[in-house]
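Below is one structure; the comments refer to it alone.
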Amino acid sequence: MVTRVTTVAFQGIEAVPVDVQAHIAPGLAALVLVGLPDKAVRESGERVRAALTASGLGLPPKRITINLAPADLPKEGSHYDLPIALALMGALGAIPQDALEGYMALGELGLDGRLAHVGGVLPAAMAASAKGMGIICPRASGSEAAWAGEDVDIIAVDSLIALANHLTGHQLQARPQPARQLIAPGDLPDLADVRGQAVARRALEVAAAGGHNMLRLC
């Protein structure tokens, strides 16, 4: 049986849905990743294995295949750790498979099963909102995901154990709120502190003087 978890691949700032499929079958013990993964994604197999073991869930000595579909779309980054782990947890019966339906997931795993912040959470949350889905992400990224809107169901946790407890209804996590950072006027960066980069400084000064959008200069 194949279990599925939705995540995203990033093309610029666009988040493209990716279907993470896990299949466990008899055979020589191995964990195989297919679907154009880059080196960081290939290494996720070892991170996921260690994180599951640290969370009290070892992988069986069988042939495990992880497919990242569509297969012709390059997959880059460490954010595939969490959806791969969730697909395996669903295949092993550690969490209900239907609990993963309707969610996108992304996050980097430590060897102890803790989740670390990853980039691109806001575009992923916006893509999830557009498809009427929720998002599962690290707690450190939860406040960023919350900017996608109050209608997005967000599960932000510190570890795989906390996520399993939430999905099984044992210990629910509160929805994160958008973070607001107040910067004192004296803490703002000053071009006077920049050494060199005369052309870039001149472009910034012209943009500021004319009230132009600096993104147009990129």
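The values are calculated or read from the model by the stated rules, or taken from the named source; none is laboratory data. Quick caveat: nothing in here was measured; it's all calculated off a predicted structure. Cβ coordinates were reconstructed from backbone atoms using ideal geometry, including for glycine residues, and neighbour counts include every protein chain displayed.
Restricting segment 47-66 to residues that are under 17 Å from LEU106 (Cα atoms) and without any contact (Cβ under 8 Å) to a residue 60 or more places away in the chain, which is surrounded by the fewest Cβ atoms within 10 Å (Cβ to Cβ)?
ARG49
Would you point out the residue of segment 1-19, among those that are among the polar types (S, T, N, Q) and closer than 15 Å to LEU100 by Cα, that is surrounded by the fewest Cβ atoms within 10 Å (Cβ to Cβ)?
Applying the filter and picking the extreme gives THR3.
Select from segment 32-42 the residues that are crowded, with 19+ Cβ neighbours inside 10 Å and in contact with a helix residue (DSSP H, G or I) (Cβ under 6 Å, 6 or more places away or on another chain) and write down the one among them that is nearest to VAL118 (Cα to Cα).
Restricting to residues being crowded, with 19+ Cβ neighbours inside 10 Å and in contact with a helix residue (DSSP H, G or I) (Cβ under 6 Å, 6 or more places away or on another chain), the top hit is VAL41.
Which of the residues spanning segment 115-145 are crowded, with 21+ Cβ neighbours inside 10 Å and either among the polar types (S, T, N, Q) or more than 13 Å from the chain's Cα centre (by Cα) (or both)?
Hit for segment 115-145 is SER141, nothing else.
Take LYS75 and decide whether it is over 24 Å from ASN165 (Cβ atoms), crowded, with 20+ Cβ neighbours inside 10 Å and charged (D, E, K, R).
yes
Scan LEU57, LEU28 and give me the residue that is aliphatic (A, V, I, L, M) and within 25 Å of ARG114 (Cβ to Cβ).
LEU57
Any idea which of VAL18, VAL32 is farther than 25 Å from ALA162 by Cα, modelled with pLDDT of 95 or more and not basic (Lys, Arg)?
Only one candidate passes the filter, namely VAL32.
For the condition assigned to a helix (DSSP H, G or I) and modelled with pLDDT under 95, what is the one hit in ALA40, ALA50, ALA87?
ALA40
Would you confirm whether any residue within segment 62-78 is assigned to a helix (DSSP H, G or I), under 17 Å from the mean Cα position of the chain (by Cα) and of a type in the set (Gly, Ala, Ser)?
yes
Would you confirm whether or not segment 129-137 contains a residue that is touching a helix residue (DSSP H, G or I) at 6+ places or on another chain (Cβ under 6 Å), small (Gly, Ala, Ser), at pLDDT 95 or above and at positive phi?
No, segment 129-137 contains no residue that is touching a helix residue (DSSP H, G or I) at 6+ places or on another chain (Cβ under 6 Å), small (Gly, Ala, Ser), at pLDDT 95 or above and at positive phi.
Could you count how many residues in segment 4-36 are closer than 22 Å to ALA125 by Cα and not in a loop (DSSP other than H, G, I, E, B)?
16
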